[in-house]
Amino acid sequence: MADAIQAVPTPQAQPTTWAGRFLDSDVWSSFKRSKLTMAAAFLTLLFMAAAVLAGFVAPQDPFDPAQLDLLNSRLPPLWEADGQAPFLLGTDEQGRDIFSAILYGLRISLAVGFLGVAFSATLGIALGLIAGYVGGTTDAVIMRIADVQLTFPAILIALLVDGVVKSVLGGQLDGVTTLSVLVFSIGLSFWVQYARTVRGSVMVEKNKDYIAAARLIGLPAPVIMVRHVLPNVLGPVLVIATINLALAIITEATLSFLGTGMPETMPSLGTLIRIGNNYLFSGEWWIVAFPGFSLALLVLAINLLGDWLRDALNPKLR
């Protein structure tokens with residue numbers, strides 16, 4: 001009898017911490033099985049680390065005019081015949097090191113992308129919660145505004161908002177103000193997706209028993225929306241935010257390429273591409289090639305992460 005009792009397996013303890021539950025989840029298991037997703041995550045983290053550590057890694061501060069020398073302008077990459085150290089990827093027409101400019105440009109592009117997504121997500125989630133939970137005329141007004149905005153391309157909305165804000169504030173803006181205008185214009189361009197997604201999820205959740213119980217005990221509507229409804233609709237929002245991060249970076253690069261984004265004194269990747277495009281047919285290919293390749297690789301990595309996250313959080317695809 002004692003041997004039989006000892007032979008009975010004891011149940012394993014379930015992970016109690018958030019990290020333990022995540023490592024034991026289907027999402028982490030799906031991530032480990034996808035080599036492409038792991039490579040995309042590595043590239044994304046590498047770009048983010050390069051942007052954060054740009055001040056320590058870059059051999060030059062491209063935003064400091066005192067460190068620029070016109071005698072070093074248009075130098076080819078180091079492996080070319082006329083290449084010079086420490087300009088690994090060559091220089092542009094101002095003598096600015098392309099490698100350093102890419103690192104600092106990554107910092108601006110990622111900052112605009114993250115802040116733009118945060119602003120659009122906050123605005124869209126708030127309006128979606130209100131529209132789905134309150135309903136009626138409030139829902140109709142918010143959704144009709146969203147429908148009208150969907151008839152215009154996001155880049156056109158961003159250009160319109162950017163132009164209006166700059167005309168109100170004046171033509172000459174410093175780098176920080178220009179960055180804030182970009183974040184505001186990009187945020188207003190992408191809030192509709194969050195609002196429509198959250199509204200649909202809220203309309204399903206608000207008819208469930210736990211919401212009825214929260215109303216029964218007298219909780220106010222804002223508390224119910226934030227504390228009880230919002231956590232249950234964040235899954236689709238996370239997927240949209242990941243994909244929109246790539247779209248926000250592309251939108252910022254497009255605005256900068258068109259001349260309405262970051263100035264040449266504080267170039268983002270889009271500004272560097274616009275500068276290099278002027279010298280593409282004169283033989284200085286590296287001025288546009290390396291920033292363009294960096295932008296394409298960053299956006300591709302983020303898009304791959306977004307596609308994986310969409311599939312991983314969809315129970316029908318497991």
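The values are calculated or read from the model by the stated rules, or taken from the named source; none is laboratory data. Predicted model, so just to flag it, every value in this text is computed and none were measured. Quick reminder, even Gly has a Cβ in these numbers, built from the backbone with ideal geometry, and neighbours come from all protein chains shown. Note: accessible area is taken over every heavy atom of the protein model, side chains too, but ligands, DNA and RNA are not part of it. Shrake-Rupley method; radii C 1.70, N 1.55, O 1.52, S 1.80 Å.
Determine if region 107-117 includes at least one residue that is within 22 Å of Ile302 (Cα to Cα), basic (Lys, Arg) and either assigned to a helix (DSSP H, G or I) or touching a Gly at 6+ places or on another chain (Cβ under 6 Å) (or both).
Yes, because at least one residue in region 107-117 is within 22 Å of Ile302 (Cα to Cα), basic (Lys, Arg) and either assigned to a helix (DSSP H, G or I) or touching a Gly at 6+ places or on another chain (Cβ under 6 Å) (or both).
Please give the helices (runs of 4 or more DSSP H) falling wholly within region 190-307 in which 1 or more residues are open to solvent by 20 Å² or more (accessible area, probe 1.4 Å), free of Cβ contacts under 8 Å to residues at least 40 places away in the same chain and of a type in the set (D, E, K, R).
So the answer is 209-216, 269-277.
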What about Phe63, is it buried (at least 16 other Cβ atoms within 10 Å of the Cβ) and among the hydrophobic types (A, V, I, L, M, F, W, C)?
yes
What pairs come up if the first residue lies in region 62-78 and is within 15 Å of Phe99 (Cβ to Cβ) and free of Cβ contacts under 8 Å to residues at least 40 places away in the same chain, the second is of a type in the set (S, T, N, Q) and open to solvent by 60 Å² or more (accessible area, probe 1.4 Å), and their beta carbons are under 6 Å apart, counting only those six or more places apart or on different chains?
Leu75/Gln84
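Among the residues of region 175-189, write down those that are among the hydroxyl-bearing types (Ser, Thr, Tyr) and either open to solvent by 20 Å² or more (accessible area, probe 1.4 Å) or at pLDDT 85 or above (or both).
Step one: list which residues in region 175-189 are among the hydroxyl-bearing types (Ser, Thr, Tyr), which gives 177-178, 180, 185, 189.
Those that are among the hydroxyl-bearing types (Ser, Thr, Tyr) and either open to solvent by 20 Å² or more (accessible area, probe 1.4 Å) or at pLDDT 85 or above (or both): Thr177, Ser180, Ser185, Ser189.
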Checking the conditions here, which among Ala289, Ala246, Ala221 is modelled with pLDDT of 85 or more, farther than 26 Å from Ile157 by Cα and among the small types (Gly, Ala, Ser)?
Ala289
Determine whether region 94-117 contains at least one residue that is without any contact (Cβ under 8 Å) to a residue 40 or more places away in the chain, open to solvent by 10 Å² or more (accessible area, probe 1.4 Å) and at positive phi.
no
With respect to the numbered conditions (1) modelled with pLDDT under 90; (2) open to solvent by 50 Å² or more (accessible area, probe 1.4 Å), which one is the sole condition not fulfilled by Ser73?
(2)
Of the residues in region 118-139, those that are open to solvent by less than 40 Å² (accessible area, probe 1.4 Å) and either in contact with an Asp or Glu (Cβ under 9 Å, 6 or more places away or on another chain) or part of a helix (DSSP H, G or I) (or both) number 10
